[in-house]
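A.B. asks: Structure provided below as structure tokens; questions to follow.
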Amino acid sequence: MTDSTSKKALVLGGSRGIGAAIVRRFAADGAQVAFTYAGSHDAAQALAADTGASAIRSDAADRQAVIDVVAGQGPLDILVVNADAAILGDPLEQDADAIDRMIDLNVRAPYHAAVEAARRMPDGGRIIVIGSVNGDRMPFEGGAAYALTKSALQGMARGLARDFGARGITVNIIQPGPTDTDMNPADGPMSGLMHGFMAIKRHATGEEIAGLAAYLAGPEAGIITGAMHTIDGGFGA
Ligand code: NDP
């Protein structure tokens with residue numbers, strides 16, 4: 001187990017799926033954890049009761065709300081930005097407002113959250129953003145806008161790693177492949193297609209992604225920064 005004892009961590013988008021697995025893992029590792037959510041009040045309350053984490057309702061698509069919640073929880077030792085929207089479909093038919101909201105959530109929120117966290121983060125702090133293997137590889141139709149949001153995170157991590165490196169603050173992207181969550185259930189209609197691209201033909205579990213987050217947040221990862229960490233069963237290989 002990675003020792004996060006007494007570390008203060010905030011997970012943006014932590015009520016379900018990968019975010020909830022990270023909340024559980026950090027709490028089990030001894031961190032003092034808070035997480036945000038938007039719609040899943042019951043799931044958030046249940047997770048908070050189970051783990052001792054604090055649940056905060058806050059819309060990650062609202063820039064000021066993101067800045068306020070990060071500032072309000074700081075100084076943070078660990079920030080994880082996980083909340084996202086995944087809007088797939090024919091770009092000629094997609095609703096432009098929905099695409100812009102996805103860009104707000106998947107690109108603007110991680111950037112402003114990371115910058116706000118870094119204002120008061122102690123030396124050696126950790127910033128982790130959940131991207132996607134689709135930032136590297138988009139092997140089917142309908143994912144252009146989603147992929148653009150995930151590849152934008154790569155440039156952000158490379159740049160912020162340099163901005164904050166002198167303070168020992170690391171900035172990393174975790175790039176999952178298919179992972180069993182409400183957004184992408186292992187028994188969903190797309191599973192056969194996705195497993196066809198993979199060397200290990202199954203969805204990851206949230207716990208597997210959380211294990212990588214715990215490593216990047218832990219003491220052995222202090223020299224890892226500006227990097228993309230793909231965890232995808234070979235989807236992008
Ligand atoms: P889920 O849809 O299962 O969970 C999303 C989480 O984000 C929920 O806790 C949700 O909270 C929260 N959230 C969504 N919108 C907002 C918002 N506006 N404000 C605050 N919180 C919000 O997603 P996953 O766990 O599957 O995905 C998590 C991350 O992993 C995403 O960044 C996704 O792109 C990435 N990923 C996932 C893959 C997969 O196969 N599952 C593959 C590759 C990447 P609430 O319900 O309360 O709104």
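The values are calculated or read from the model by the stated rules, or taken from the named source; none is laboratory data. In this text the structure is predicted, and so the values were computed from the model without any measurement. Note that each Cβ is placed from the backbone with ideal geometry, even for glycine, and that neighbours are counted across all protein chains shown.
A.B. asks: Within region 181-234, which residues are over 22 Å from Asp77 (Cβ atoms), more than 15 Å from the chain's Cα centre (by Cα), surrounded by 20 or more Cβ atoms within 10 Å (Cβ to Cβ) and of a type outside the set (A, V, I, L, M)?
C.D. replies: His203, Gly233
A.B. asks: Only residues that are without any contact (Cβ under 8 Å) to a residue 60 or more places away in the chain and more than 11 Å from Ile87 (Cβ to Cβ): list them for region 140-158, please.
C.D. replies: Selection gives Phe140, Glu141, Ala147, Leu148, Lys150, Ser151, Ala152, Leu153, Gly155, Met156.
A.B. asks: Now, a different point. So which strands (runs of 3 or more DSSP E) stay within region 26-112 end to end and still have 1 or more residues that are at pLDDT 95 or above and closer than 23 Å to Leu160 by Cα?
C.D. replies: Answer list for region 26-112: 32-37, 78-81.
A.B. asks: Right, next: Could you check region 41-57 and list, in sequence order, the residues that are touching a residue at least 24 places away in the same chain (Cβ under 8 Å) and either within 17 Å of the chain's Cα centre (by Cα) or crowded, with 21+ Cβ neighbours inside 10 Å (or both)?
C.D. replies: The answer is Ala44, Leu47, Ala53, Ala55.
A.B. asks: Then there is this: Which condition from (1) away from the ligand (no atom under 14 Å from the Cβ); (2) under 22 Å from Gly125 (Cβ atoms); (3) in a helix (DSSP H, G or I) is the one that Ile22 breaks?
C.D. replies: So the condition that Ile22 fails would be (1).
A.B. asks: Among (1) more than 9 Å from the ligand (Cβ to nearest atom); (2) surrounded by 20 or more Cβ atoms within 10 Å (Cβ to Cβ); (3) closer than 30 Å to Ala147 by Cα, where does Ala27 come up short?
C.D. replies: For Ala27, the failing item is (3).
A.B. asks: Could I ask something else about it? How many residues does region 160-180 hold that are surrounded by fewer than 19 Cβ atoms within 10 Å (Cβ to Cβ) and either of a type in the set (Gly, Ala, Ser) or touching a helix residue (DSSP H, G or I) at 6+ places or on another chain (Cβ under 9 Å) (or both)?
C.D. replies: 6
A.B. asks: Here is a check on your reading of the model: is Gly211 farther than 16 Å from Phe140 by Cβ and in contact (Cβ under 8 Å) with a residue 40 or more places away in the chain?
C.D. replies: The answer is yes for Gly211.
A.B. asks: Being more than 8 Å from the ligand (Cβ to nearest atom) and in a strand (DSSP E or B) is the filter here; which residues of region 1-19 pass it?
C.D. replies: Lys8, Ala9, Leu10, Val11
A.B. asks: Okay, moving on. Quick check: anything in region 62-80 within 14 Å of the ligand (Cβ to nearest atom), small (Gly, Ala, Ser) and within 18 Å of the chain's Cα centre (by Cα)?
C.D. replies: Yes, region 62-80 contains a residue that is within 14 Å of the ligand (Cβ to nearest atom), small (Gly, Ala, Ser) and within 18 Å of the chain's Cα centre (by Cα).
A.B. asks: Follow-up question, since we're still on this one. Can you tell me which residue within region 83-98, out of those that are among the hydrophobic types (A, V, I, L, M, F, W, C) and within 19 Å of the chain's Cα centre (by Cα), is nearest to Gly14 (Cα to Cα)?
C.D. replies: Only one residue tops the list, namely Ala83.
A.B. asks: How about region 38-61: which of its residues are of a type in the set (D, E, K, R) and either more than 9 Å from the ligand (Cβ to nearest atom) or over 17 Å from Val23 (Cα atoms) (or both)?
C.D. replies: Those that are of a type in the set (D, E, K, R) and either more than 9 Å from the ligand (Cβ to nearest atom) or over 17 Å from Val23 (Cα atoms) (or both): Asp42, Asp50, Asp59.
A.B. asks: Among the candidates Ala147, Ala118, Ala152, single out the residue that is on the phi < 0 side of the Ramachandran plot and either in contact with a strand residue (DSSP E or B) (Cβ under 9 Å, 6 or more places away or on another chain) or modelled with pLDDT under 95 (or both).
C.D. replies: That would be Ala118, the only listed residue that is on the phi < 0 side of the Ramachandran plot and either in contact with a strand residue (DSSP E or B) (Cβ under 9 Å, 6 or more places away or on another chain) or modelled with pLDDT under 95 (or both).
A.B. asks: List pairs: first residue in region 5-33 and in contact (Cβ under 8 Å) with a residue 24 or more places away in the chain, second residue acidic (Asp, Glu) and more than 6 Å from the ligand (Cβ to nearest atom) anywhere in the structure, Cβ distance under 7 angstrom, at least six positions apart or on different chains.
C.D. replies: Lys7/Asp77; Lys8/Asp77; Ala9/Asp77; Ala21/Glu207; Asp29/Asp3; Gly30/Asp3
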